[in-house]
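Right, one structure below, let's go through it.
Taken together, the values in this text are just the output of simple stated rules run on the coordinates, not laboratory data. A quick note: this is a predicted structure, and the numbers were derived from the prediction, not measured. Cβ atoms come from the backbone with ideal geometry, glycine included; neighbour counts cover every protein chain shown.
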Amino acid sequence: MPSDASPSGDPAPTSLQQLALRLQDFAQQRDWGQLHSPKNLASALIVEAGELLEHFQWLTEEQSRNLPADKKQAVAHEMADVLLYLVQMATALDVDLIEAANAKMEINGGKYPVGQEQRKKER
């Protein structure tokens with residue numbers, strides 16, 4: 001199956017909005033809606049983030065930057081799990097993730113202006 005199609009044969013989502021709709025449909029077909037409270041979705045997101053972290057446990061900085069192909073694919077799947085739960089949580093709370101991310105970047109820009117970077121101390 002081409003990577004631009006879903007398992008159902010429909011075109012794969014190319015935006016967060018399309019992904020959110022596909023996730024809603026996926027959950028509805030399985031009658032999972034009653035399980036997808038913000039609390040449960042946040043918990044599931046953290047579990048998946050922990051599974052993502054497991055792939056890097058005990059690696060050196062260099063190893064973490066140069067993952068073998070099979071490990072990189074496994075990491076990509078865990079990253080996708082985190083994204084999927086985050087998108088579902090945003091839907092449950094009616095949060096526009098792009099708008100929220102842009103607003104947060106503005107806040108961070110004020111907190112951490114250019115020219116005031118913290119430099120790693122040489123040892």
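Counting pairs of alpha carbon atoms under 8 Å apart in space and at least six apart in sequence, what relative contact order in percent does the chain give?
29
Taking the Cα centre of segment 35-111 as origin, sum charge times position over the Cβ atoms of Lys and Arg (+1) and Asp and Glu (-1), and report the length of that vector in debye to the nearest 20.
120
Residue ranges 97-109, 79-91, 44-56, 22-34 sort as 79-91, 44-56, 22-34, 97-109 when ordered by packing (mean number of other C-beta atoms within 10 Å per residue, highest first). The angle separating the long axis of helix 69-93 from the principal Cα axis of greatest extent in the chain is about 70 degrees. FRET efficiency for Glu117 and Lys39, Cβ-Cβ distance as r, R0 = 25 Å, nearest 0.05? The formula returns an efficiency of 0.10 here. One equal scatterer on each Cα of the chain, no solvent, Debye formula: the resulting log10 I(q)/I(0) at q = 0.11, 0.19, 0.21, 0.22 Å⁻¹ is -0.57, -1.21, -1.25, -1.27.
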